[in-house]
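The values are calculated or read from the model by the stated rules, or taken from the named source; none is laboratory data. Predicted model, so just to flag it, every value in this text is computed and none were measured. Glycine gets a Cβ as well: all are built from the backbone with ideal geometry, and neighbour counts include every protein chain shown.
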């Protein structure tokens, strides 16, 4: 069983209308611009294929010119939807200029079938390529974001003195206090864990060396400004922090986890050797 062209066009129209309605229902009152643009594109596609279905029954100005403009507008709407999904700026001027150019060319070639096929094929392919290009760029950006990361090693300065002077229970209290101070300044995606006796490790996904260094300095200052209370006594302390980040340039290959940890450890050693209560970068 084979379907003729009118049947195929009718199937496209019905599918576009049903899908558009489903997207609008899904959107509800959320005002998701991306879904609205995509639903609008499907409605434009349904109108365009309706005009194409009526070819030969209504003037060419409607079927050829308006039909192709609507079809191109549908793809433009899909492109705008993809950009909204990824919080990118909308290029209305370029979109309207392209649609105006298509309308002019279709009007000029409305009686030249071969020329119309070339123009519509080229423009529709170009618009489809734009949609794919945006998706590809966002995928590459997400991949780079996942591959980039930083590591902090945080060491409590002279922690042994706290245990010796106040006792191990006080030392445990200081550790819990520092964890609270650090967590207040970390993102939900950051990972904080205890690495050793008085050392903590902080994993910072999607963070370069500059951003990690800024955060490390904020953490250092926050700890210094937040002494804890223990049995009526005020215990002040500081931390030293070593910072390392995975590379994101071809000339400097990404470090392995072991190498990143070693670099952060060496940076921490320099921070302690230079007088403690400071941040050192790998």
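Which residues, counting only those in the range 178-197, are at pLDDT 90 or above and surrounded by 18 or more Cβ atoms within 10 Å (Cβ to Cβ)?
Residues satisfying the conditions are 178, 182.
Checking the condition assigned to a helix (DSSP H, G or I) and within 38 Å of the chain's Cα centre (by Cα), which residue from 51, 71 passes?
Numbers: 51 fails: within 38 Å of the chain's Cα centre (by Cα).
It is 71.
Restricting to the range 224-240, give me the number of residues that are over 14 Å from residue 159 (Cα atoms) and crowded, with 16+ Cβ neighbours inside 10 Å. Lay out the reasoning, then the answer.
Taking the range 224-240 first, the residues over 14 Å from residue 159 (Cα atoms) are 225-226, 229-234.
With crowded, with 16+ Cβ neighbours inside 10 Å added as a condition, the list becomes 230.
Of the residues in the range 224-240, 1 are over 14 Å from residue 159 (Cα atoms) and crowded, with 16+ Cβ neighbours inside 10 Å.
Could you grab me the full set of residues in the range 205-235 that are in a loop (DSSP other than H, G, I, E, B) and at pLDDT below 90? Working first, answer last.
First pass over the range 205-235, keeping only residues in a loop (DSSP other than H, G, I, E, B): 206-208, 225-227, 231-232.
Within the range 205-235, 206, 207, 208, 231, 232 meet the criteria.
Just the residues that are surrounded by 19 or more Cβ atoms within 10 Å (Cβ to Cβ) and at pLDDT 90 or above, please, taken from the range 140-170. Spell out the reasoning first.
Here is the first cut: in the range 140-170, the residues surrounded by 19 or more Cβ atoms within 10 Å (Cβ to Cβ) are 148-157, 162.
The answer is 150, 151, 152, 153, 154, 155, 156, 157.
Is one or more of the residues making up the range 105-121 modelled with pLDDT of 70 or more, within 20 Å of residue 6 (Cα to Cα) and more than 36 Å from the chain's Cα centre (by Cα)?
no
Examine the range 174-189 for a residue that is within 18 Å of residue 261 (Cβ to Cβ), touching a helix residue (DSSP H, G or I) at 6+ places or on another chain (Cβ under 9 Å), outside any helix (DSSP H, G or I) and in contact (Cβ under 8 Å) with a residue 12 or more places away in the chain, and state whether such a residue exists.
no
Mind telling me which of the residues 43, 80 ends up being surrounded by fewer than 22 Cβ atoms within 10 Å (Cβ to Cβ), touching a helix residue (DSSP H, G or I) at 6+ places or on another chain (Cβ under 6 Å) and either more than 15 Å from residue 106 (Cβ to Cβ) or outside the structural domain of residue 15 (by TED's automatic domain parsing) (or both)? Let's see the steps before the verdict.
Details: 80 fails: surrounded by fewer than 22 Cβ atoms within 10 Å (Cβ to Cβ).
Among 43, 80, only 43 is surrounded by fewer than 22 Cβ atoms within 10 Å (Cβ to Cβ), touching a helix residue (DSSP H, G or I) at 6+ places or on another chain (Cβ under 6 Å) and either more than 15 Å from residue 106 (Cβ to Cβ) or outside the structural domain of residue 15 (by TED's automatic domain parsing) (or both).
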